[in-house]
Amino acid sequence: QVQFAESGGGLVQPGGSLRLSCAVPRSIFSISTMGWYRQVPGKERELVASIDSGGSINYADSVKGRFTISRDNAKNTVYLQMNSLKPEDTAVYYCNAKSVWLDYWGQGTQVTVSS
């Protein structure tokens, strides 16, 4: 069982900001594309943003210009800075580590955007 240390979710008003963090074992982090996904009840899990080991980044269209993904290779941690949050960003956010050899998920953290 691989343990991911996810943190940073919570309740925020529309227009507010949150930063999610996900720390993973170095042996996994160094070879993986790290991603953040989200899921709401009744819908499929969707990619929010990803960053590979070389720093190439991909965003969902719905979060471009508002969310920023980054990785700290010294801390084996991936971050998701979420600004200008909207009610439709409400979901459980999951950290993912993926490579040709592995596909691991964090336990998820709830983000609720509501006034």
Residues whose placed amide H lies under 5 Å from that of Gly16, excluding near-sequence neighbours: Leu85
Reachable lysines, given that their alpha-carbon falls under 24 Å from the alpha-carbon of Lys98 and they are not under 8 places away in the same chain: Lys43, Lys64, Lys75
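So what is the relative contact order of the chain, in percent, for Cα pairs below 8 Å that sit 6 or more residues apart?
Working: 265 pairs, mean separation 41.1, N = 115.
After rounding, I find 36 percent.
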Mean shadow area of the chain over all directions, Cα convex hull, nm²: 7.0 nm²
The chain, dipole about Cα centre (Lys/Arg Cβ +1, Asp/Glu Cβ -1), debye to the nearest 20: 160 debye
Carbon and sulfur %, accessible surface of the chain computed with the full protein complex present, 1.4 Å: 48 percent
Loop GluC sites (Glu not before Pro), region 36-115 (other Cβ atoms within 10 Å of the site Cβ: 10 or fewer; DSSP): Glu44
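At 1.4 Å probe radius, can you tell me the per residue accessible area of the chain in Å²? Don't skip to the answer; put the middle values down first.
On the way: 6110 Å² over 115 residues.
With the other protein chains kept in place, the chain gives 53 Å² per residue.
The values are calculated or read from the model by the stated rules, or taken from the named source; none is laboratory data. Here the structure is a predicted model, which means the values were calculated and not measured. Don't worry about glycine lacking a Cβ; one is built from the backbone with ideal geometry, like all the others, and counts go over all protein chains shown. Each accessible area value is taken on the protein alone, full model and side chains, heavy atoms only, with ligands, DNA and RNA left out. Shrake-Rupley method; radii C 1.70, N 1.55, O 1.52, S 1.80 Å.
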